[in-house]
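Taking it in order: structure first as C-alpha cells, then the write-up.
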Amino acid sequence: MTSKQTIFDKKPKPFVKWVGGKRQLLKQFRENNLYPKNFNPEVNTYYEPFVGGGAVFFELIPQKSVLSDLNSELVKTYNVIKKDPESLIKSLKKHKHNKEYFLKIRSRNTLKLSDLEIASRFIYLNRTAFNGMYRVNKQGKYNVPFGSHKNPMICDEENIRLVSKILKKVSIKNQDYVKVLDCAKKGDFIYFDPPYYPVSKTASFTSYTANSFLESEQEQLRDAFIKLHEKGCYVMLSNSDTSFIEGLYKNIKGVKIKKVHAGRAINSNGAKRGKVSEIVVINY
C-alpha cells in the first residue's frame with residue numbers, strides 16, 4: 001500500500017476482544033506482503049464487511065473506509081465511540097466487576113436500551129466475560145459466562161478517544177457483506193474476515209450473530225470474492241486452513257492462497273489451545 005497516513009503519537013487498537021481477531025497476525029501480514037502494494041488510499045476506498053474488532057483497519061488506517069457488520073450491537077458501539085466517546089467513558093466507569101452484577105447486565109433487554117447503553121453494556125461484557133468471547137444463542141441473546149479476570153480494564157479512556165478520532169470520517173454500517181458488491185469499484189481494497197469454517201464437527205464457532213455461516217454461506221462468499229476480483233478490486237480473505245475452503249479458491253485464475261499461523265485460545269481446555277494454520281486468499 002502507498003499512503004500518506006496521518007502520523008499518530010500512539011496508534012489506536014481494537015476496543016474489543018474478538019474470537020478470530022487478527023492482532024497477532026498483523027506482523028505476518030506485513031512481513032509476507034499480504035496487503036496490496038498498489039492500493040491508493042488517497043483515491044480508493046477500503047472496505048471491511050466483517051469488521052469485528054477491526055484489527056486490520058486499525059493497523060492500516062486508510063483515509064477512505066467503510067466498515068460494516070451484521071452484529072447490530074457491535075456497529076452501534078462503533079458509532080457511539082465515533083460520535084460520543086466522553087459519554088461512553090462516563091458510563092463505562094460506573095460498571096462493577098462481580099458475577100452478580102455481570103449477570104444483571106447480561107440479562108438486560110437490549111431492545112429497551114439506548115445506543116449509548118448498548119455500547120456500554122457491549123464493552124463491559126466483552127471485558128469481563130469468559131475469554132472476552134462474543135457468542136449468542138439462536139434467539140440472539142448473549143450467553144457467555146462470567147470470566148475469571150481479576151482486574152479487567154473496563155474503560156480504556158485513552159484508546160476510546162484515539163478510536164473516536166480515527167472513526168470521525170469513517171462510514172460504519174449494520175449490513176450484510178454482499179452490499180459491498182454494490183459500492184466497491186476498481187482499485188478499492190476489500191478485506192473479508194468472515195466467521196471461519198469449522199476445522200472439525202466439534203470445532204464450530206459461528207455464533208457472532210444468531211445466524212450460522214457454513215458451507216452454502218462460504219460458497220456465496222466465494223462468489224462475491226470472484227465478482228469483486230472481476231471488477232478489478234483488490235481482495236483479501238482470511239479463513240480456516242481446511243480442504244473445503246482451499247477447494248473453493250484454488251482454481252480461480254489470478255488468485256493465490258497463502259498460509260499464516262495463529263494462536264487460538266477459545267477452547268476451555270488449555271491443552272487444546274495453540275498454533276493453528278490459517279488461509280489467506282489474495283488476488284494480487
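The values are calculated or read from the model by the stated rules, or taken from the named source; none is laboratory data. Model, not experiment: these values are computed from the prediction. Heads up, the Cβs are rebuilt from the backbone with ideal geometry, glycines too, and the neighbour counts pull from every protein chain shown.
Yes or no, residue by residue, for (1) closer than 16 Å to K165 by Cβ; (2) among the polar types (S, T, N, Q); (3) assigned to a strand (DSSP E or B); (4) modelled with pLDDT of 95 or more:
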residue	(1), (2), (3), (4)
F39	no, no, no, yes
E42	no, no, no, no
F50	no, no, no, yes
V56	no, no, no, yes
Q63	yes, yes, no, no
V66	no, no, yes, yes
L74	no, no, no, yes
V80	yes, no, no, yes
I89	yes, no, no, yes
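Each residue in segment 141-179 was checked for being in a loop (DSSP other than H, G, I, E, B), at pLDDT 95 or above, under 24 Å from L111 (Cβ atoms) and among the β-branched types (V, I, T), and 1 pass.
Among the residues of segment 6-64, those identified as acidic (D, E) and surrounded by fewer than 21 Cβ atoms within 10 Å (Cβ to Cβ) are D9, E31, E42, E59. Restricted to segment 242-260, and to residues there that are in a strand (DSSP E or B) and without any contact (Cβ under 8 Å) to a residue 40 or more places away in the chain, the residue that is farthest from the chain's Cα centre (by Cα) is K256. Have a look at P195, P145 and point out the one that is in contact (Cβ under 8 Å) with a residue 24 or more places away in the chain and farther than 23 Å from I81 by Cα. Residue meeting the stated conditions: P195.
Look at segment 261-284: where a residue is assigned by TED's automatic domain parsing to the domain that holds K37 and modelled with pLDDT under 65 and a partner is outside any helix (DSSP H, G or I) and among the polar types (S, T, N, Q), sitting 6+ places away or on another chain with Cβ atoms under 8 Å, you get R273/N267. Of all residues assigned to segment 89-97, none qualifies as being surrounded by 21 or more Cβ atoms within 10 Å (Cβ to Cβ) and either in contact (Cβ under 8 Å) with a residue 12 or more places away in the chain or in the same structural domain as C155 (by TED's automatic domain parsing) (or both).
K96 satisfies every condition listed in (1) under 17 Å from the mean Cα position of the chain (by Cα); (2) farther than 23 Å from V260 by Cβ; (3) assigned to a loop (DSSP other than H, G, I, E, B) except (1).
Looking only at segment 185-200, which residues are assigned to a loop (DSSP other than H, G, I, E, B) and under 20 Å from L248 (Cβ atoms)? Residues satisfying the conditions are D193, P194, P195, Y196, Y197, P198, V199, S200.
Among what's in segment 75-122 and is among the small types (G, A, S) and out of contact with any helix residue (DSSP H, G or I) (no Cβ under 6 Å at 6 or more places or on another chain), pick the residue that is farthest from G140 (Cα to Cα). Give the derivation first.
So in segment 75-122, the residues among the small types (G, A, S) come out as 87, 91, 107, 114, 119-120.
Still in the running and out of contact with any helix residue (DSSP H, G or I) (no Cβ under 6 Å at 6 or more places or on another chain): 107, 114.
Details: S107: 12, S114: 18 Å.
By that ranking, first place goes to S114.
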